[in-house]
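Participant: Here's a structure for you.
The values are calculated or read from the model by the stated rules, or taken from the named source; none is laboratory data. Every value quoted in this text rests on a predicted model; they were computed, and no experiment measured them. Please note: Cβ atoms are built from the backbone with ideal geometry, for glycine as well, and neighbour counts cover all protein chains shown. Heavy atoms of the whole protein, side chains included, go into the accessibility calculation; ligands, DNA and RNA do not. Shrake-Rupley method; radii C 1.70, N 1.55, O 1.52, S 1.80 Å.
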Amino acid sequence: MCGIVGVVGRGPAAPPIMDALRRLEYRGYDSAGIATLEHGHLARRRAVGKLENLENKLNCEPLAGLVGIGHTRWATHGRPNERNAHPHAVDGVAVVHNGIIENHRELRDGLKLAGARFVTNTDTEVIAHLVSHELKKGCKPVDAVRLALPRLEGAFALAFLFEGYENLIIGARKGSPLAVGYGRGEMYLGSDAIALAPFTDMISYLEDGDVTVVTREGIDFINAKGEHLRRSPAKVAGSAVLVEKGGHRHFMLKEIHEQPRVVGQTLAQYVDVVGGRISLPKDVRLDFRDITRLSITACGTAFYAGLIARYWFERYAGLPVEIDIASEFRYRSVPFDPGNLAIFVSQSGETADTLASLEFAKAHGQRILSVLNVASSTMARASEIVLPTLAGAEVGVASTKAFTCQLATLACLAIAAGRARGVLSADDEAPLVRALADVPDYMTCALKLEPKIRQLAHRIASSRDALFIGRGTNYPLALEGALKLKEITYIHAEGYAAGELKHGPIALVDKDLPVIVIAPGDMSFEKTMSNMQEVIAREGRTILVTDHKGASLAAPGSSAMLTLPDMPPLVAPLVFALPLQLLAYHTALVLGTDVDQPRNLAKSVTVE
Ligand code: F6R
């Protein structure tokens, strides 16, 4: 993971680098650091933990150099301490790295035999040694980088600074994304366009294998052989304004409350309320009659959105769906039929496993459709068709609004597929479209449950574990509810298909275990109620999340109930997600955890 940035400027480089790092902190917050050149010599400031620690350090010991590189770290190799914080420096070469060098042990052993002395536990330090080794042979910086790179296995985006070169940053990319930005007499380099948005909107993305030479006068690109390449800059929209909390205590709470609006915006792209139909954008050239099988691939919360969508594609479009988490998908021997559709779901569009699966599916002749929240992301550029979710910037590490916008988009796609394949008639489609159009109102009602959820959170906060159960689309929702709870409260939580409880997990049930039962009054309600009774009979404390119909049918015995409006089954997962998000949020508040930046996590997971 990690975010990297470089500035070859006219004024001190550290302030703009800090600015860019703030926008990259979503990639990791284990440590941060900056290196600049002062009178030709490397000067570094590094600090463990959040960026504000580095900021405090810089306030006491500012950096004056006009050229510099910066890094925000999500630790992979080596504990998050100051010694392991980037930039790493060896003999006048400083480097920042996003990615993983898989053969670092072997390289380290070889370099040690040649006399190199290592001071960190990181994989990155070998890169600085390799480049320094080439420099000592008399190479120029660009050739030293070019010659060192073929020895690295794994993924990397890199930026280098060289003592004595006050007008130079060299960047390189293999696997991990890297962009350069064009200013007036100043040039920039960064992990993404968002990082560079305060300085420029003229961006070039490096292709795999590119090396870039960044000076105040311009930016050059070369390949492994040293041949010059053309990479034209393009205007990229990315807001220069850092997103604010808008009066909310945390970004997560703000983002939960934004859902009626952003889901409405997302749906408005596809829903024709008057005509009672879904229309995909004209440039989506896709005939679902030609598709015999779908694959859906994603990670984490986005994967759960895909799991829910599987039910929809099967039910409304009669399409068989192959679904897997991205880190597994590409290592299976999946038999692909050329020309079928592979769907990828991602908020960031940068998740390394999802991106690698996308390339894998493409290489096997699949058509690629991605549901993405970041329009300028690497996955957007690699996809044939992009269906945007209009959630806006999601800052809280725990995904909330991106999830419901993904669901909204996938629901529309499933209905469009159903119509195209003749599984749904116009009469079938119209009520589904109406239901989708009503989602923002259902969500507004769901948010009114917050005071009650705040009280329930105290009960959950005193528990060591929690179970979430549901059937049908409520099963993936149970997985998502459990993920939200564990990632921001550190309470161990599991999601289960309600019918699966008796096959093992029920052994966990006792009077201390909260079991959150997600059961709208749909066709599986009675069966889920039986599972709830099995929990109650063993003294488990249940919280029933249901609708008015379910509330009127539910047998007594649940210790608490959250009641949502009645709604058609298609849209229930979008709305039922909200009380689960609020439950996790308020439990975290009780426990005093870092809601927006939970320990060990990062918003964008750019390593495999
Ligand atoms: C959980 C969460 C993660 C992401 C996952 C995929 O709240 O946010 O599980 O959903 O890392 O990220 P994207 O959607 O950016 O590919």
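Participant: Between SER279 and ARG464, what length comes free when the chain is fully extended (0.36 nm per residue of separation minus the Cα-Cα distance, one decimal in nm)?
Facilitator: Value of the extension gain: 61.9 nm.
Participant: Distance from a point 7 Å along Cα→Cβ of GLU217 to each backbone N in the stretch 155-192: keep the residues under 15 Å and list them by number.
Facilitator: 166-169, 185-187
Participant: Label 7 Å along Cα→Cβ of LYS527; the stretch 468-483 residues with amide nitrogen under 12 Å?
Facilitator: 470-475
Participant: For the stretch 416-570, which whole percent of the accessible surface, found with a 1.4 angstrom probe, sits on carbon and sulfur atoms?
Facilitator: Of all accessible area on the stretch 416-570, carbon and sulfur atoms account for 54 percent.
Participant: Taking the Cα centre of the chain as origin, work out the dipole magnitude from +1 charges on Lys and Arg Cβ and -1 charges on Asp and Glu Cβ, in debye rounded to 20.
Facilitator: In total the dipole reaches around 460 debye.
Participant: Taking the solvent-accessible surface of protein heavy atoms with a 1.4 Å probe, what is the per residue accessible area of the chain in Å²?
Facilitator: Value for the chain: 38 Å² per residue.
Participant: Can you sort HIS86, HIS228, HIS39 by solvent-accessible area, 1.4 Å probe, largest first?
Facilitator: Per-residue accessible area, sorted high to low, gives HIS39, HIS228, HIS86.
Participant: Okay, next question. Mean Kyte-Doolittle hydropathy of 1.6 or higher plus an axial Cα length of 18 Å or more: which whole DSSP H helices in the chain meet both?
Facilitator: Those that clear 18 Å and a mean of 1.6 are 572-591.
Participant: Continuing with this model, one more query. I'd like the GluC sites (Glu not before Pro) in the stretch 130-163 restricted to DSSP loop residues with at most 14 other Cβ atoms within 10 Å, sorted by number.
Facilitator: Qualifying residues, ordered by number: GLU153.
Participant: Using r as the Cβ-Cβ distance of ARG381 and ASN600, and R0 as 35 Å, what FRET efficiency do you calculate, to the nearest 0.05?
Facilitator: For ARG381 and ASN600, the calculated efficiency is 0.75.
Participant: Tell me, how many Å apart are the Cα centres for the stretch 229-299 and for the stretch 180-212?
Facilitator: 24 Å
Participant: Can I ask one more? Pop out the carbon and sulfur fraction of the accessible area of the stretch 310-398 as a percent, whole number, probe 1.4 Å.
Facilitator: 52 percent
Participant: Could you give each residue of the stretch 540-553 its phi-based ³J(HN,Hα) in whole Hz, using Karplus coefficients 6.51, -1.76, 1.60 with θ = phi - 60°, and x for Gly or Pro?
Facilitator: Using θ = phi - 60°, the values come out as x, 9, 9, 10, 8, 9, 9, 10, 4, 4, x, 4, 6, 9 Hz.
Participant: Efficiency by 1/(1 + (r/R0)^6): what FRET value for ALA224 and ASP428, r their Cβ-Cβ distance, R0 = 51 Å, to the nearest 0.05?
Facilitator: E between ALA224 and ASP428, to the nearest 0.05, is 0.40.
Participant: How far is the Cα center of the stretch 142-159 from the Cα center of the stretch 533-571, in Å?
Facilitator: 57 Å
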